[in-house]
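Inspection log for the structure reproduced underneath, given as structure tokens.
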Amino acid sequence: MKVDILVYDGNDELDVVGPLSVFANAGAHVKLKSRLVTLRPQSRVKGAHGLKFRPDAYLLEEGKGAKKFARRTDWPDVIVVPGGGWHDHQAKSGARIEAKLVELPTFLAIARRSVPIMAGVGSGVMLLVEGGVIGDRPATTDAPARADLAISGAQVRAARVVDDGDLVTCAGLTGGIDLALWLVEREFDRDLADQVATELDHTRWRPGD
């Protein structure tokens, strides 16, 4: 299984490294590869709290937009969209800025046609909303963004993780760890997910708990 975690300046660091840690630990036991990707070439991504990290790859070449990217054949099995910066209307980077710039939601709208699982962490769910991925489907997000999610027409669930088949969403921050563990359980098995949770010293929350 191939997982792309789509990162951008201003994303919340824990929304990124939580799922990444789960997938990396699981990848030591099964065929699961995860990576951090940006839309455009970018040597460093700066998180909401100042952490700088180097993405593994970028998706859109210079001069080539999201529509041309739609013709690619090597799509990942999962795209995870982290949140960050949605609640600060004065922020100079983050999910709200990415929504206004349009390109990232446009990419998500195209990606949903070929990617088996679209996943949103915290306010990253609002970028899926902007890309038309959620519509009136069941979903959750972090508590401060639930009003915006409801306005969008989604069926808001006050749950830590919501699984709606090819769409999986969760609350923010440590919720991303439970989302990733749930995907490991769903796509592989529960024993592996429980083992990874133990390795991370994390008490799991599963849909239905």
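Structure summary
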item	result
Rounded to whole Hz, the Karplus (6.51, -1.76, 1.60) HN-Hα couplings of segment 133-140, x for glycine and proline	7, 9, x, 9, 7, x, 6, 9
Exposure proxy ranking, count of Cβ atoms within 10 Å, fewest first, for Val102, Val184, Val37	Val102, Val37, Val184
Rounded to 5, the percent of DSSP beta bridges in the chain classed as antiparallel	20 percent
Size of charge dipole - segment 2-199 - debye, nearest 20, with Cβ of Lys, Arg +1 and Asp, Glu -1, no other charges	760 debye
Lysine pairs in the chain with Cα atoms under 22 Å, if 8 or more residues apart or on separate chains	12
Compactness of segment 89-209 as Cα Rg over 2.2 N^0.38 Å, two decimals	1.07
Distance between modelled label sites at Leu101 and Ala28, nm, 7 Å Cα→Cβ extension	3.5 nm
Segment 50-209: relative contact order as a whole-number percent, Cα under 8 Å and 6+ apart	17 percent
Sequence of Leu173, Leu128 once ranked by neighbouring C-beta atoms within 10 Å, starting from the fewest	Leu173, Leu128
Hz values of 3J(HN,Hα) by residue in segment 113-125 - Karplus curve (6.51, -1.76, 1.60), Gly and Pro given as x	6, 10, 8, x, 9, 9, 10, x, 10, x, 6, x, 4
Ranked Thr140, Thr38, Thr203, criterion: other C-beta atoms within 10 Å, fewest first	Thr203, Thr38, Thr140
Cut-off under 5 Å, modelled amide H: who pairs with Gln155 long-range	Arg137, Ala139
Full-extension gain in nm, Asp209 to Lys52, via 0.36 nm per residue minus C-alpha separation	53.0 nm
Amide H contacts of Gly85 (H built 1.01 Å from N, under 5 Å, at least 5 apart or other chain)	Ala95
J(HN,Hα) series, segment 183-189, from Karplus relation 6.51 cos²θ - 1.76 cosθ + 1.60, nearest Hz, glycine and proline x	5, 4, 5, 5, 8, 10, 6
Amide H contacts under 5 Å for Ser34, placed H, 5+ residues apart	Val3
Cα gyration tensor, the chain - rounded (a/c under 1.5), prolate or oblate	rounded
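Where a number appears in this text, it was derived from the coordinates with a stated rule and is not lab data. Just so it is clear, the model here is predicted, and its values are computed rather than measured. Because the Cβ atoms are built from the backbone with ideal geometry, glycine has one as well, and the counts that use them run over all protein chains shown.
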